[in-house]
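Asker: Input: one structure, supplied below.
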Amino acid sequence: MFNNADKEYRWADNPKEKVFAEAWEEENVSSVTGKLDGGGVLDYLLAEDPNEPRHEVTDRDRWVAARVIQWLGSPCGQWFLRKVELEIKQKG
């Protein structure tokens with residue numbers, strides 16, 4: 001994995017974390033080559049010009065983003081998502 005948060009050991013007890021991590025990886029590598037090509041979600045999010053990313057994402061950026069995405073699959077992250085969804089429904 002290129003977008004790895006180095007927390008795979010948690011996946012056995014928290015399988016949702018694995019699903020989130022794998023989905024994030026899929027969004028950030030080429031569907032053709034399976035490699036980084038500068039056209040992933042993170043590349044666009046962090047680009048100075050979001051219409052034209054220029055390989056500005058660092059390894060540290062990838063690690064931090066992957067850590068946050070994997071956390072969303074954890075029990076705490078799932079609680080956070082439910083809380084936000086509830087707020088959206090209430091303000092709806």
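The values are calculated or read from the model by the stated rules, or taken from the named source; none is laboratory data. All values derive from a computational prediction rather than experimental measurement. Cβ coordinates were reconstructed from backbone atoms using ideal geometry, including for glycine residues, and neighbour counts include every protein chain displayed.
Asker: If a residue has to be of a type in the set (D, E) and either part of a loop (DSSP other than H, G, I, E, B) or at pLDDT below 95 (or both) to count, how many in region 63-88 make the cut?
Answerer: The initial filter retains those residues of region 63-88 that are of a type in the set (D, E), namely 85, 87.
Imposing the further condition that a residue be either part of a loop (DSSP other than H, G, I, E, B) or at pLDDT below 95 (or both) reduces the set to none.
Qualifying residue count for the region: 0.
Asker: Now, a different point. Confirm whether A47 is surrounded by 11 or more Cβ atoms within 10 Å (Cβ to Cβ), at pLDDT 95 or above and touching a Lys or Arg at 6+ places or on another chain (Cβ under 9 Å).
Answerer: It is true that A47 is surrounded by 11 or more Cβ atoms within 10 Å (Cβ to Cβ), at pLDDT 95 or above and touching a Lys or Arg at 6+ places or on another chain (Cβ under 9 Å).
Asker: Something else now. Would you check which residues across region 55-92 are farther than 30 Å from S30 by Cα and among the β-branched types (V, I, T) and list them?
Answerer: Across region 55-92, the qualifying residues are V84, I88.
Asker: Being among the basic types (K, R), assigned to a helix (DSSP H, G or I) and touching an Asp or Glu at 6+ places or on another chain (Cβ under 9 Å): is that true of R60 here?
Answerer: So R60 fails the test.
Asker: Quick check on region 26-35. Is at least one of its residues of a type in the set (D, E, K, R) and within 11 Å of the chain's Cα centre (by Cα)?
Answerer: Keep residues of region 26-35 that are of a type in the set (D, E, K, R), which gives 26-27, 35.
Those still in the list that are within 11 Å of the chain's Cα centre (by Cα) too: 26-27.
Looking for residues that are of a type in the set (D, E, K, R) and within 11 Å of the chain's Cα centre (by Cα), one finds at least one in region 26-35, hence yes.
Asker: If we keep just the residues of region 22-40 that are in contact with a helix residue (DSSP H, G or I) (Cβ under 6 Å, 6 or more places away or on another chain) and surrounded by 15 or more Cβ atoms within 10 Å (Cβ to Cβ), which is farthest from W11 (Cα to Cα)?
Answerer: G40
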